[in-house]
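Q: I'd like to ask some things about the structure below.
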């Protein structure tokens with residue numbers, strides 16, 4: 001575990017009111033800044049930690065095990081560090097050096113930009129910009145018409161250029177401030193544009209050379225594994241709490257549920273083990289400059305999506321046996337279940353093939 005038991009307890013205590021406030025408290029943001037959890041993938045020369053991918057994924061998972069909203073924001077916030085080598089050198093220093101630096105935004109090209117003198121005029125709306133309430137900068141993709149052709153350009157936007165529409169209304173991960181951001185007729189100089197395919201400074205590490213889509217798939221899968229582990233532990237605690245009552249009568253409900261629980265714990269462990277074995281294998285090849293063939297990337301993607309499917313299956317298989325407590329929105333198990341369902345709906349984890357929607361059997 002990357003967090004002590006006391007830190008996990010602290011994180012959970014700080015997020016106890018997140019359902020009502022729909023925001024992460026400042027005390028928890030201060031904890032994130034202190035531990036540089038938004039800078040896991042940022043160069044040390046910019047105040048970051050620049051971890052290798054497997055280590056970063058373990059932190060994403062452990063943060064999500066501590067609490068879903070916390071883990072989601074740590075993962076999204078750290079993910080912005082993948083762009084640090086793509087910024088012009090002075091822009092990278094200005095935007096990534098501050099202790100509280102964190103990006104919110106969207107990779108979907110939902111905006112339009114028109115060329116202007118020494119820059120562009122940007123307009124657009126982008127959904128699901130997690131961390132928008134405390135972001136220190138925003139990035140967004142726009143379509144730019146260039147003669148008869150069109151291209152997609154990434155823009156760096158200052159916070160005073162962005163209007164946050166507080167419209168995040170999902171039934172889970174309520175504290176992630178994953179709102180729509182809106183930009184109207186804002187000028188962005190050319191020096192504040194970038195491409196994720198172009199390195200513009202010396203702040204890159206091996207992780208920044210890792211393909212962005214597999215990185216994203218693995219990042220969100222680690223969140224699901226973390227929340228799933230929390231769910232299994234909470235289900236176990238409910239069984240223990242109800243042991244005496246469930247053992248009364250001719251049918252030993254406690255034994256029945258705990259047997260079910262062991263099966264789902266084994267299923268979760270099998271999927272997690274396979275996921276990290278493949279992550280380590282692929283990372284080792286990547287770091288050592290070996291060619292990673294298409295078949296391996298397909299297997300990597302499949303492990304991420306099957307992993308998410310497996311965790312959802314574990315939760316669903318137990319849900320029916322938890323009694324009325326699991327359907328009460330104020331209960332911890334219900335909140336974890338909703339966070340889990342929400343996290344697994346990310347576009348990078350949605351299965352599009354039958355085998356991606358299968359799960360590990362035990």
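The values are calculated or read from the model by the stated rules, or taken from the named source; none is laboratory data. Here the structure is a predicted model, which means the values were calculated and not measured. As a convention, Cβ positions derive from the backbone with ideal geometry for all residues, glycine included, and neighbour counts pool all protein chains shown.
Q: Does residue 309 qualify as being under 20 Å from the mean Cα position of the chain (by Cα) and surrounded by fewer than 17 Cβ atoms within 10 Å (Cβ to Cβ)? Before you say what the answer is, go through the steps one by one.
A: Details: under 20 Å from the mean Cα position of the chain (by Cα): yes; surrounded by fewer than 17 Cβ atoms within 10 Å (Cβ to Cβ): no.
For residue 309, the condition - under 20 Å from the mean Cα position of the chain (by Cα) and surrounded by fewer than 17 Cβ atoms within 10 Å (Cβ to Cβ) - is not met.
Q: Separate question: Say whether the condition of being buried (at least 24 other Cβ atoms within 10 Å of the Cβ), over 17 Å from the mean Cα position of the chain (by Cα) and within 16 Å of residue 100 (Cα to Cα) is met by at least one residue in region 32-41.
A: no
Q: Can you confirm whether residue 80 is modelled with pLDDT under 95 and either touching a strand residue (DSSP E or B) at 6+ places or on another chain (Cβ under 6 Å) or under 24 Å from residue 209 (Cα atoms) (or both)?
A: Working: modelled with pLDDT under 95: no; either touching a strand residue (DSSP E or B) at 6+ places or on another chain (Cβ under 6 Å) or under 24 Å from residue 209 (Cα atoms) (or both): yes.
It is false that residue 80 is modelled with pLDDT under 95 and either touching a strand residue (DSSP E or B) at 6+ places or on another chain (Cβ under 6 Å) or under 24 Å from residue 209 (Cα atoms) (or both).
Q: If you don't mind, another one. Any residue that is within 22 Å of residue 42 (Cα to Cα), in a helix (DSSP H, G or I) and either in contact (Cβ under 8 Å) with a residue 24 or more places away in the chain or out of contact with any strand residue (DSSP E or B) (no Cβ under 7 Å at 6 or more places or on another chain) (or both) - is there at least one of those in region 235-247?
A: Within region 235-247, the first condition is being within 22 Å of residue 42 (Cα to Cα), and the residues that meet it are none.
No: zero hits.
Q: Would region 129-148 turn up any residue that is in a helix (DSSP H, G or I), touching a helix residue (DSSP H, G or I) at 6+ places or on another chain (Cβ under 7 Å), outside the structural domain of residue 22 (by TED's automatic domain parsing) and within 29 Å of residue 67 (Cα to Cα)? Write out each step before concluding.
A: Step one: of region 129-148, the residues in a helix (DSSP H, G or I) are none.
The answer is no, given that none of the residues of region 129-148 is in a helix (DSSP H, G or I), touching a helix residue (DSSP H, G or I) at 6+ places or on another chain (Cβ under 7 Å), outside the structural domain of residue 22 (by TED's automatic domain parsing) and within 29 Å of residue 67 (Cα to Cα).
Q: Tell me whether region 65-82 contains one or more residues that are over 18 Å from the mean Cα position of the chain (by Cα) and either closer than 26 Å to residue 230 by Cα or surrounded by 23 or more Cβ atoms within 10 Å (Cβ to Cβ) (or both). Please lay out each step first, then the result.
A: Here is the first cut: in region 65-82, the ones over 18 Å from the mean Cα position of the chain (by Cα) are none.
No; the residues of region 65-82 include none that is over 18 Å from the mean Cα position of the chain (by Cα) and either closer than 26 Å to residue 230 by Cα or surrounded by 23 or more Cβ atoms within 10 Å (Cβ to Cβ) (or both).
Q: For region 244-264, indicate whether the set of residues that are under 30 Å from residue 296 (Cβ atoms), outside the structural domain of residue 119 (by TED's automatic domain parsing) and modelled with pLDDT of 95 or more is non-empty. Let's see the steps before the verdict.
A: Of all residues in region 244-264, those under 30 Å from residue 296 (Cβ atoms) come to 264.
Those left that are additionally outside the structural domain of residue 119 (by TED's automatic domain parsing): 264.
Still in the list and also modelled with pLDDT of 95 or more: 264.
Taking every residue of region 244-264 in turn, at least one turns out to be under 30 Å from residue 296 (Cβ atoms), outside the structural domain of residue 119 (by TED's automatic domain parsing) and modelled with pLDDT of 95 or more.
Q: Just to be sure I understand, how many residues within region 309-359 are outside any helix (DSSP H, G or I) and under 23 Å from residue 15 (Cα atoms)?
A: Taking region 309-359 first, the residues outside any helix (DSSP H, G or I) are 320-323, 328-331, 345-353, 358-359.
Adding the requirement that they be under 23 Å from residue 15 (Cα atoms) leaves 328-331, 345-346.
Number of matching residues: 6.
Q: Could you tell me whether region 182-192 includes any residue that is closer than 30 Å to residue 16 by Cβ and either assigned to a strand (DSSP E or B) or outside the structural domain of residue 335 (by TED's automatic domain parsing) (or both)? If you could, list the steps in order and put the result at the bottom.
A: Step one: of region 182-192, the residues closer than 30 Å to residue 16 by Cβ are none.
Looking through region 182-192, none of the residues is closer than 30 Å to residue 16 by Cβ and either assigned to a strand (DSSP E or B) or outside the structural domain of residue 335 (by TED's automatic domain parsing) (or both).
Q: Follow-up question, since we're still on this one. Taking the stated definitions as given, is residue 125 more than 24 Å from residue 348 (Cα to Cα), touching a strand residue (DSSP E or B) at 6+ places or on another chain (Cβ under 6 Å), in a strand (DSSP E or B) and not assigned by TED's automatic domain parsing to the domain that holds residue 41?
A: Spelling it out, it is not the case that residue 125 is more than 24 Å from residue 348 (Cα to Cα), touching a strand residue (DSSP E or B) at 6+ places or on another chain (Cβ under 6 Å), in a strand (DSSP E or B) and not assigned by TED's automatic domain parsing to the domain that holds residue 41.
For (1) touching a helix residue (DSSP H, G or I) at 6+ places or on another chain (Cβ under 9 Å); (2) more than 11 Å from residue 224 (Cβ to Cβ); (3) surrounded by fewer than 21 Cβ atoms within 10 Å (Cβ to Cβ); (4) not assigned by TED's automatic domain parsing to the domain that holds residue 218, each residue gets a yes or a no:
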position	(1), (2), (3), (4)
282	yes, yes, no, no
287	yes, yes, yes, no
294	no, yes, yes, no
315	yes, no, no, no
331	yes, yes, yes, no
338	yes, yes, yes, no
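Q: If residue 93 satisfies every condition in (1) surrounded by 24 or more Cβ atoms within 10 Å (Cβ to Cβ); (2) in a helix (DSSP H, G or I) but one, which is the exception?
A: For residue 93, the failing item is (1).
Q: Still on this structure, please answer the following. Can you tell me which residues in region 167-187 are in contact (Cβ under 8 Å) with a residue 24 or more places away in the chain and over 13 Å from residue 105 (Cβ atoms)?
A: Here is the first cut: in region 167-187, the ones in contact (Cβ under 8 Å) with a residue 24 or more places away in the chain are 168, 170-187.
Of everything in region 167-187, those that are in contact (Cβ under 8 Å) with a residue 24 or more places away in the chain and over 13 Å from residue 105 (Cβ atoms) turn out to be 168, 170, 171, 172, 173, 174, 175, 176, 184, 185, 186, 187.
Q: Consider residue 172 carefully, then state whether it is modelled with pLDDT of 95 or more, part of a helix (DSSP H, G or I) and within 26 Å of the chain's Cα centre (by Cα). Steps first, please.
A: Numbers: modelled with pLDDT of 95 or more: yes; part of a helix (DSSP H, G or I): no; within 26 Å of the chain's Cα centre (by Cα): yes.
Here the answer is no, as residue 172 does not meet what is asked.
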